[in-house]
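Quick notes on the structure that follows.
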Amino acid sequence: MLYFGRWKLLAIIGAIALGVMYSIPNLVPEAQRYQPNAAGEPVAQGIWGYIPSRSVNLGLDLQGGSHIVFQVDMNEVRERQLAALREDAQVAMQGDGPRLYRSVTVIGDEVVVLVIRPQDRQEAYDRLQTLQRPVQAQPTATSFVQENVLNFASLSDDTPNEIRMSITDAQFESIQDRTIAQSIEVVRGRLDGLGTNDPTIARQGQNRVLVQVPGADDPQRIIDLVTSQAVMTFHMVDDRIDPGPNGEARVPPGRQIVRRSPSNGGGFVVIESRELLTGENLTDAGVSTDPKTGLPAVSFRFDPQGSRIFADTTRNFRGRRFAIKLDDEVITDPRINDPILNGSGIITGNFSYETANDLAILLSAGALPASLTPVDRRTISPTLGQDQIESGRIAIIIGFVGVIIFMLAAYGVFGIFSTMALLVNVVLILGALSGLGATLTLPGIAGIILTIGMAVDANVLIFERIREEVRLYKRSPMLAIEGGYKRAGAAILDANVTTLIAALVLIFLGAGPVRGFAITLGIGVVTSVFTAFVFSRLLAVTWLRTVKPTKLPL
């Protein structure tokens, strides 16, 4: 217990040095850690050539930022599901033999099938039953309840030519849950591409998504990025038709007039309605440079299927223009000069680095499954966060000083060991938060304060065990220290393992401030065990071998 081999000693020193190295960036101004590149994007420069640049990320409650609640348009989802059910019903009704139905329409929340002859209603009903399948509803205490996807209205003699069906509540709940989950993943992908620091994205209520972005002082940019549907399609341009100055010209079937985006010069363009490719064929998108102008552009790459279609299109329509349509605007409509056979291309326009990056993020993250509408937006002032930081700092200092005074008064020279262990503990927590890119929140500061108390508690257990070894068993200083650390070790590990399990559960299942508290608590548990049980023991052993006391000052 009291012997530290060379490799063990080097490992302890290395761990502490690593914590110090990752903690230093928190003391260096950001201007010295990041420098803008040619495109204006901040790039990490490092400190003194080898120390990392990343510091602790501050949460929304500490540095301010944007708090936005989006509502998912479930009416749109329901309409889309009913339209899909209508198409499925038409396919199911077609079958072999004579035509059975006159029409299949959506009326309200129902799909209504009108059969030609009343005597065919039962056969039509049997065909529509093939669309029925079980869906898992909310679980009971013992098992999952399975319900049907569709509700069929009872066949009535009053309407002998009519069959009505609708989506069950269980199926719509399942669709709603899936839509919310998909929306959260798309929003997360878009905000992660923006480079924000650990945004909070979570479901709120039945059909809302909470988005909190620390440090974002432009909530409108977040809203524009999140609410864009990002449905991307490729069309051929019809230059033979003049759309007119206001886009009000009459066009033949198979053609449509679409507005050009401001980055594409504005105005209108006539495109063929037929989609050659969609954004589903994209595999990658990023910011690049237009080789002709040197301005920012957006590069993209297709999957193998999309590459083949793109190659055939550029080969067969050389000399014509093709349009890339994003939602309701044409973002570029270049002329095809040569076939593009490598499945990649660039989107040029009057882009800044920021707008090009936003477009690349939208294309990479994909389209939303339903429209999002902001229903609550708040900008939290960073001044409030700074006040909270100062309050937290004062609380940590007061708690730290109080603990040090108590430990020095109660345990003398061993109180010095515990004080040094506490200092190293805080440095390791700060370094771990910086190195992992974790976010520090106000509850996270509370977690650090709690960790300080837990670390001292471990030292108290050890020192009291050492006292017992001396008082009850009359051990020598070396045997007393060895026995104290050995006997207290099991209790310390058991207590901290249970706390660590609780912290891990909160990290994986919690969100926002709860997760911030759990992160600092989890890191603090690991560093506390290291500093209280390993580092303080190293200090005690070093003191014991240097001073060689005949009696312990406890």
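Some notes on this structure:
- So residue 422, is it crowded, with 23+ Cβ neighbours inside 10 Å and at pLDDT below 85: no
- Residue match in segment 405-412 (condition: crowded, with 16+ Cβ neighbours inside 10 Å, under 18 Å from residue 513 (Cβ atoms) and not basic (Lys, Arg)): no
- The numbered conditions (1) at pLDDT below 85; (2) in the same structural domain as residue 275 (by TED's automatic domain parsing) are all true for residue 396 except (2).
- So residue 442, is it closer than 30 Å to residue 334 by Cβ, within 25 Å of the chain's Cα centre (by Cα) and buried (at least 18 other Cβ atoms within 10 Å of the Cβ): no
- Taking the listed residues 254, 286, 205, the one that is small (Gly, Ala, Ser) and surrounded by 14 or more Cβ atoms within 10 Å (Cβ to Cβ) is 286, with no other qualifying.
- Scan of segment 117-132 for residues that are closer than 15 Å to residue 155 by Cα and at pLDDT below 80, ordered by number: none
Quick grid of which residues meet (1) part of a strand (DSSP E or B); (2) at pLDDT below 85; (3) more than 30 Å from residue 213 (Cβ to Cβ); (4) not β-branched (Val, Ile, Thr):
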residue: 156; (1), (2), (3), (4): no, yes, yes, yes
residue: 171; (1), (2), (3), (4): no, yes, yes, yes
residue: 183; (1), (2), (3), (4): no, no, no, yes
residue: 190; (1), (2), (3), (4): no, yes, no, yes
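- Among the residues of segment 462-478, those that are at pLDDT 85 or above and surrounded by fewer than 19 Cβ atoms within 10 Å (Cβ to Cβ) comprise 464, 467, 468.
- Verdict on residue 135 being surrounded by 15 or more Cβ atoms within 10 Å (Cβ to Cβ) and at pLDDT below 80: yes
- Positions within segment 101-116 being of a type in the set (Gly, Ala, Ser) and touching a strand residue (DSSP E or B) at 6+ places or on another chain (Cβ under 8 Å), in sequence order: 103
- For segment 200-240, a residue qualifies if it is within 18 Å of the chain's Cα centre (by Cα) and assigned to a helix (DSSP H, G or I), and the qualifying residues are 219, 221, 222, 223, 224, 225, 226, 227.
The values are calculated or read from the model by the stated rules, or taken from the named source; none is laboratory data. Bear in mind the structure is a predicted one, so any value in this text is a computation, not a measurement. Quick reminder, even Gly has a Cβ in these numbers, built from the backbone with ideal geometry, and neighbours come from all protein chains shown.
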